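Below is one structure, written out as structure tokens; comments come after it.
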Amino acid sequence: MSEVRHNWTKQEILDIYNKPFMELLYEAATVHRENHDPNTVQVSTLLSIKTGGCPEDCGYCPQAARYHTKVEGNDLMSVSQVKAQALRAKTAGSSRVCMGAAWRNVKDGPEFDQVLEMVRTINKLDMEVCCTLGMITENQAHRLAEAGLYAYNHNLDTSEDYYKDVISTRAFKDRLDTIDNVRKSNVTVCSGGIIGMGEALEDRAGMLVALSTLDPQPESVPINALVAVEGTPMADLPPIPIWDMVRMVATTRIIMPETQVRLSAGRTQMSREGQAMCFFAGANSIFAGDKLLTTPNPDVNEDMAMFKLLGLNPQKAFTKVSQPKTVEAEDSRYEAKGEKPKWTRPGHTIDRNEAAKKKANLTE
Ligand code: SF4
């Protein structure tokens with residue numbers, strides 16, 4: 001088995017990323033086989049339980065209120081709506097439901113209580129439950145854990161150096177603080193990033209340094225390709241070449257051997273051959289369903305046809321970590337403290353984010 005190292009340097013990671021392609025692929029596939037079944041891929045369904053209207057200014061995100069994209073906002077879904085969608089996802093072969101809410105952070109109150117009930121409901125369907133709700137406190141992480149949450153997603157997005165060119169409404173350290181809060185509970189961590197946002201190779205390596213030096217490393221690392229959406233500041237950025245995606249997946253696999261590497265946004269722009277290369281290079285999870293929160297994603301049937309073609313099998317739920325127990329609300333050891341997480345306001349602006357905001361206001 002490959003050793004799990006927490007002291008990777010940017011230069012070491014760049015040296016791996018820039019290896020001759022065949023050598024990189026072979027090394028990544030070898031590490032992958034030592035740690036995972038190469039014919040098994042975990043399938044998650046991403047569900048947007050509260051869409052749009054987010055106060056943050058993430059330059060890639062169509063759900064940020066300030067950019068006025070074509071995304072239609074929705075209030076928080078009901079528990080029964082979520083249950084119905086989870087059952088549909090299970091029938092289609094998903095072992096995990098990831099619920100996303102376009103919030104800056106979680107606030108204790110009726111909406112969070114409703115999310116906790118969703119977590120309980122899906123865990124009782126024997127599916128892994130993941131949430132991505134923005135910043136959370138330690139107490140909120142414990143409450144989610146008690147409800148039966150399996151994973152919490154909180155992406156670093158990019159390197160610490162490039163972060164300030166993507167988002168101005170919070171700081172990189174705020175992301176690390178939430179990951180730290182999740183780690184204090186027994187919920188697993190899902191954290192990755194996006195490539196194709198105009199970052200340098202050094203930034204891709206910098207993000208992987210930040211993720212791989214976490215101890216323990218995240219159980220799951222999504223690698224997204226930017227989906228450039230009209231109305232966002234990054235609308236005009238060109239799609240990244242498939243070779244960059246394969247190199248990023250392979251490098252992630254080598255430096256985080258035990259992690260599930262998720263092939264996430266951007267799959268509609270990839271051929272089956274391109275995706276097959278990513279699986280060979282160590283990707284062992286995908287998001288299924290025709291939408292990834294608000295951006296397009298391949299249809300489940302298309303994915304299942306690809307699995308058949310490649311001889312891949314969907315991973316069963318709770319293969320890596322056992323199923324958490326659900327504690328009912330009335331038996332909870334953790335009370336709502338009426339809190340919300342503290343975060344930094346870095347106090348700078350990003351020209352392209354400001355320009356996109358102005359343009360949106362002009363066309364209103
Ligand atoms: S990525 Fe999340 S935090 Fe950022 S604008 Fe979109 S919904 Fe809000």
Within segment 84-99, the residues that are farther than 11 Å from V43 by Cβ, in a helix (DSSP H, G or I) and touching a residue at least 12 places away in the same chain (Cβ under 8 Å) are Q85, A86, L87
Turns out the helices (runs of 4 or more DSSP H) fully within segment 130-195 with at least 1 residues that are farther than 21 Å from S285 by Cβ and of a type in the set (A, V, I, L, M, F, W, C) are 138-147, 172-183
*Assess whether N39 counts as being away from the ligand (no atom under 13 Å from the Cβ), closer than 30 Å to K90 by Cα, open to solvent by 30 Å² or more (accessible area, probe 1.4 Å) and touching a residue at least 40 places away in the same chain (Cβ under 8 Å).*
yes
query: Does A89 satisfy the criteria of being closer than 22 Å to R267 by Cα and more than 13 Å from the ligand (Cβ to nearest atom)?
result: yes
The residue from L293, L263 that alone is crowded, with 16+ Cβ neighbours inside 10 Å, within 29 Å of N123 (Cα to Cα), at pLDDT below 90 and in contact with a strand residue (DSSP E or B) (Cβ under 8 Å, 6 or more places away or on another chain) is L293
- Answer yes if at least one residue in segment 98-111 is under 20 Å from A151 (Cβ atoms), more than 12 Å from the ligand (Cβ to nearest atom) and open to solvent by 30 Å² or more (accessible area, probe 1.4 Å), and no otherwise. no
Note on segment 112-137: residues within 13 Å of the ligand (Cβ to nearest atom) and open to solvent by less than 20 Å² (accessible area, probe 1.4 Å) are C131, L133, G134, M135, I136
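One line per residue, one yes/no per condition, for (1) within 15 Å of the ligand (Cβ to nearest atom); (2) surrounded by 21 or more Cβ atoms within 10 Å (Cβ to Cβ); (3) under 15 Å from the mean Cα position of the chain (by Cα):
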{"residue": "Q140", "(1), (2), (3)": "no, yes, no"}
{"residue": "E160", "(1), (2), (3)": "no, no, no"}
{"residue": "I167", "(1), (2), (3)": "yes, yes, no"}
{"residue": "K184", "(1), (2), (3)": "no, no, no"}
{"residue": "A200", "(1), (2), (3)": "no, no, no"}
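The values are calculated or read from the model by the stated rules, or taken from the named source; none is laboratory data. Computed from a prediction, not measured in an experiment: that's the story for all the values here. Neighbour counts are summed over all protein chains in view; Cβ atoms, including those assigned to glycine, are modelled from backbone coordinates with ideal geometry. Each accessible area value is taken on the protein alone, full model and side chains, heavy atoms only, with ligands, DNA and RNA left out. Shrake-Rupley method; radii C 1.70, N 1.55, O 1.52, S 1.80 Å.
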